[in-house]
Amino acid sequence: MASPGGVARVPRLAGKAVSFLSAGHTKKSVLWLAGRQFITSTENSLQFRLDERTAHSSLDLFKKDTGVIYRMLGLDPSHVQDNPERFRDWAVVFADEKITGGRHYWEVTVKKSQEFRVGVAEALMSRDDCVGTSASSWVFGYAQRKWFAMTNNKMVPITLVGKADRMGILLDFEAGLLGLVDIEKPRIVHAMRGHFKTPLCPAFGLWDGELLTHSGVTEPEGLK
């Protein structure tokens with residue numbers, strides 16, 4: 001049973017580590033010694049799939065809804081289920097989890113794509129907009145062999161990074177930080193700042209090739 005604030009009660013077991021989920025969906029290990037509490041480690045535990053209800057008609061989901069592929073012709077919009085959550089004009093899809101707090105990390109594998117966007121957006125973002133063009137979305141994009149950060153239709157070039165086959169995304173809700181992570185170093189290549197107040201969803205835009213998402217992975221050590 002959860003205590004007020006959504007944090008599970010942790011029994012006082014002297015000398016033993018107990019794991020629990022915090023309100024921010026972060027797994028924490030707590031060690032009790034002589035009646036005192038010591039937080040010994042944290043582990044990201046955000047897991048999600050892509051939400052077909054939000055997917056534009058040119059996008060197909062695969063691999064148990066963890067991957068998305070762009071179809072140039074796609075489906076006739078009239079042949080997909082009419083849903084107010086679906087993107088109508090832009091090849092965008094959201095994840096099926098809403099983030100309301102905490103620090104979270106996930107990765108994306110890119111295959112045969114030269115134009116895509118990855119990041120987060122407010123769950124209630126207008127489905128008539130594209131991710132990055134509104135003040136309710138924050139993304140890192142790749143197009144014309146160049147990286148950029150984008151929100152509210154303002155693009156900032158990202159240098160010192162080439163085309164990556166796999167990258168990480170770090171979100172710290174309370175700190176208002178969204179980071180693009182080079183997983184080979186590892187390091188944050190570029191960070192965006194925002195005022196996150198409403199639930200966010202991992203968000204993806206794709207105009208060729210395919211993306212495969214990896215959630216439930218551990219954040220690399222040393223990221224700030």
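Rule-based calculations on the coordinates, nothing more; no lab input. All values reported here derive from a predicted model rather than from experimental measurement. Cβ sites come from the backbone with ideal geometry, for glycine too, and all protein chains shown count toward neighbours.
Things to note:
- A simple spin-label model places the labels of residue 212 and residue 159 3.4 nm from each other, with each point 7 Å out along Cα-to-Cβ.
- FRET efficiency for residue 128 and residue 47, using Cβ-Cβ distance with R0 set to 45 Å, rounded to 0.05: 0.95
- Site pair residue 64 and residue 85 shows an inter-label distance of 2.0 nm when each label is modelled 7 Å from Cα along Cα→Cβ.
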